[in-house]
Amino acid sequence: TPPVTPQVTPQVIECLSALVKTPLPREKIQQQIGIKDREHFRKAYLEPLLAIEWIERTVPDKPNSRLQKYRLTDKGRAVLQESPKEGI
């Protein structure tokens, strides 16, 4: 039988770990995990993490705000705690 929880990639763990202490703008998160292509980062990481509610916007009513930052949710913290790599 397949595992109950999906496997989380190291890049996703890095992305979540970057947000543990303080909310960050997209550019900083992207820089910390080493992905240069903005569109790829948005489609492969940012949008899926928002959809499964592991991260959230600090300005939810204005997703394109220049002041937009992202923060870790309780679900995201739980994923990090279950991760064998981080254990935060």
Task: Spin-label model distance (nm) - Gln31 vs Asp74, 7 Å beyond Cα toward Cβ - done: 3.3 nm
- [ ] Report the residues of the stretch 20-55 in range of a label on Ser65: point 7 Å along Cα→C-beta, backbone N strictly under 15 Å from it.
- [x] 23-26
Open item on the list: Quick check on packing: order 68-78, 10-20 by the mean number of other C-beta atoms within 10 Å, highest mean leading.
Closed with: 10-20, 68-78
Task: 222 nm mean residue ellipticity, helices alone, for the chain (DSSP H n ≥ 4; -39,500 (n - 2.57); rounded to 500) - done: -10000 deg cm²/dmol
- [ ] Mind pulling the per residue volume of the convex hull built on the Cα atoms of the chain? Å³ is fine.
- [x] 102 Å³
- [ ] May I ask you to compute the full-extension gain from Thr58 to Lys21, defined as 0.36 nm times their residue separation minus their alpha-carbon distance, rounded to one decimal in nm?
- [x] 11.9 nm
Open item on the list: Restricting to DSSP loop positions (anything but H, G, I, E, B) with no more than 16 other Cβ atoms inside 10 Å of their own Cβ, which trypsin sites (Lys or Arg not before Pro) remain in the stretch 22-61?
Closed with: Lys36
Open item on the list: In Å², and per residue, what accessible area does the stretch 5-88 have when probed at 1.4 Å with the other protein chains present?
Closed with: 67 Å²
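The values are calculated or read from the model by the stated rules, or taken from the named source; none is laboratory data. All figures in this text were calculated on a predicted structure; none of them were measured in a lab. Using ideal geometry, Cβ is built from the backbone for each residue, glycine included, and neighbour counts are taken over all protein chains shown. These area figures cover heavy atoms from the full protein model, side chains too; ligands, DNA and RNA do not enter into them. Shrake-Rupley method; radii C 1.70, N 1.55, O 1.52, S 1.80 Å.
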